[in-house]
Amino acid sequence: METAIYVIGWANNVLLIVLSVLALLLARRTHTATGRLLAWAVVTFTVATLAGWTPWAVGETDLHAWFAKVRLELQILFPFLLLRLAHAFRPFSDLAMRIATIAFALIAVFVAVIPVNVTSVDLDLASASVASLFLAYVGWVVVALLAVARRFQVAGRGQPGSIRRRMSLLSAAAVAMLFAYLTAFAAWAVAPFALMVTSMLLVAASTLAFVLGVAPSALLRMRWRRDEEHELREAIVALISAETTEEVLDGILPKVRRIVGASAVALLHQDGRPQRVEASTPIAERLLVDALCSVGSGDDPGHQLSIVPFGSGRLAIRTTPVTPLVGDAELELLAWVGTVVELAFARCAHLAEDRAVTERLREVDRLKSEFVQIVAHDLRSPMTAVAGLAGTLQARWEDIDADMKLTMLGNIGSSTQRMSDLVVDVLDIAHIESGELRYDIAPFDLVRVVRDAVEDLQLDAVKGRIELHVKEDATLPLALGDKRRHRQVVANLLTNALKYSPRDEPIDVHVTWAAHELVVGIRDRGDGIAESEHGRIFEKFGRAVVPSDATPGSGLGLYICKAMVEAQGGRIWVESMPGAGATFRFTAPVASH
Ligand code: ADP
């Protein structure tokens, strides 16, 4: 029996030594506070256990009694270190931590000063001081380990699977350690072999669970995040219907955060700025953004930030103390998710392009039908007039007097002219829009062109209304452009001025020279145009809001003027206010300066 205890005991010691070394290595590798605390706790426990074997090494001597005291001190320190470990995962309140520290210190002092030979084998429980020491010791261990177990449980509550399971493992480790202590106490009192072996097994299991809980292996982490991986896979499948990058990120980032139990994750722009942050709380979001800034300065105080490069982007994740380690397996998984996100983005970009093309085609289609409708409508009234007048003349030629005949023929002429003008406008627009309108660019005398256009119109009934103002002695430079197109523009603006102003009001035309351009201004004294309409009237079919009996028109003239002026390097605009007439101006570049 004795030999069996020795064999099992030493097997246990060896295991504890191995676990201590492992814990020390993990602490070095992870550089975390929890890793360091665990290493201290396991080493403390191992030393305490080894100290219990001193009778075997040094015999039942005074030295052994001292070793036994040290051992007891270490066994008081061990639950305290576990408390600090749990505190590092999820902090206790300041008050709770202070009470625990005082309780630990009191018991430690008690053990240090008590005048007895405390050994593992001959405790005299009949002595009052030894009995109270024993009670205080047991009470401390029970309360501390229960608090540790509970704290881990609380830390995992409501968290993603990997964190929850990790915290449960640590909690179970604390409970196993509590039972190990209790069975050891019982074995101390009654010393049956079975209890001692059970205690040792519990110690080994608990220590292993602590090590695995603090630094879980990749395999364990993979098993823990099974549920979240499933969710992630479903989210990836759902990406098939995502149409915008926002939808992609909404679907994926929360899953990415949960799968590693991060407090916040961010997709980064090329320059490192976060494109989108997904965080458990606003504070977590700020911490991640702050951490990203400190990365720029080469500083990552908590070692809680991981940057995962993928394809052409990067993911940043900020872990918390309760997050299981983010190792190669997680980094690979996240990089893979990043690539999927990138593909989904590319798909969204194509979709958006397709949508824009469809939208454009639809708009072109709509404009075409509108165009056809408007042209058909504008052609119909002069056509009806021509058909009606021609029909009347034919049927009642003899009854109609000569003057009336002349008037009717005049109307037929003007209606036909309107139709012809409209057809010319439509053809011009077709050429402009297909880019086929040709311009014969050459230096020309703009004043001459304006004068010709004015003279053309003076032949009409409006004789004398249009006044051209060009200082005779002013030697204006030549303009550069197509003079035929410029004459068309001037004629169009003059026709509008005549159309939209009272018959007895004059129209002033000015040609001036400023910097590198010549400016033509045509001013009428009509009703003017509200400022809100100044842009619209230059659009295709754009007409200002006019009373229903207003002058007929197609809304194409100014659109054509604008296209022609701009194609020749000029600008066109209107200056007008309702009731104050309108001044249309356009510029033409100077040929040589
Ligand atoms: P249309 O005269 O055939 O309607 P335009 O493109 O030449 O087409 O003109 C567009 C609109 O601009 C006109 O319908 C009219 O509302 C407004 N407009 C143009 N010139 C003047 C002007 N001199 N005074 C007031 N409104 C004008």
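What follows draws every value from the coordinates through simple rules; no lab data is involved. All values reported here derive from a predicted model rather than from experimental measurement. Neighbour counts run over all protein chains shown; Cβ positions are idealised from the backbone, glycine included.
Results, tabulated for the structure shown:
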quantity	calculated
For the chain: rounded, prolate or oblate by the Cα gyration tensor [a/c cutoff 1.5]	prolate
Karplus-derived HN-Hα couplings along segment 370-383 (A = 6.51, B = -1.76, C = 1.60, θ = phi - 60°), whole Hz, x at Gly and Pro	5, 4, 4, 4, 5, 4, 4, 5, 5, 7, 5, 5, x, 5
Computed lengthening from Asp452 to Ala376, 0.36 nm per intervening residue step minus Cα-Cα distance	24.1 nm
Spacing of the two label points (7 Å from each Cα toward its C-beta) at Ala238 and Leu406, in nm	8.4
Residues with amide H under 5 Å from that of Leu478, placed H, sequence gap 5 or more	Ala591, Ser592
Helix 2-30 vs. the chain, principal-axis angle (Cα, 0 to 90°, nearest 10)	30
Full-stretch length increase - Ala128, Asp504 - with 0.36 nm per residue and alpha-carbon distance subtracted	122.6 nm
Efficiency of FRET from Cβ geometry, Ala96 and Val357, R₀ 56 Å, rounded to 0.05	0.30
At R0 = 22 Å, FRET efficiency that the Cβ-Cβ distance of Trp336 and Ile307 yields, to 0.05	0.90
Net lengthening on full extension, Thr281/Glu246 (0.36 nm per residue, minus Cα-Cα)	10.6 nm
Distant-in-sequence amide H partners of Val322 (H built 1.01 Å from N, under 5 Å)	none
Counted charge near Ala39, where neighbours are those whose Cβ lies closer than 15 Å (Asp, Glu -1; Lys, Arg +1)	+4
Longest segment of the chain lacking trypsin sites (Lys or Arg not before Pro) that sit in a DSSP loop with at most 13 other Cβ atoms within 10 Å	158-395
Cα gyration tensor shape for segment 213-343, rounded if a/c is under 1.5, else prolate or oblate	oblate
Label-point separation in nm, Gln417 to Phe179, each point 7 Å along Cα→Cβ	11.0
Cβ-based net charge around Asp250, under 13 Å, with every Lys or Arg adding one and every Asp or Glu removing one	-1
Neighbour net charge for Val148 - beta-carbon separation under 12 angstrom, K R +1, D E -1	+4
Reach of Lys368 by Cα under 18 Å, taken over lysines that are not fewer than 8 positions away in the same chain	Lys540
Mean-position separation - Cα centroids, segment 146-201 and segment 499-543, in angstrom	91
Degrees between helix 193-214 axis and first principal axis of the chain (Cα, 0 to 90, nearest 10)	20
Selection from Ala352, Leu446, Leu393, by position along the positive dipole direction of the chain (Cβ)	Ala352
Cα gyration tensor shape for segment 185-286, rounded if a/c is under 1.5, else prolate or oblate	prolate
Distance between modelled label sites at Glu398 and Lys463, nm, 7 Å Cα→Cβ extension	3.9
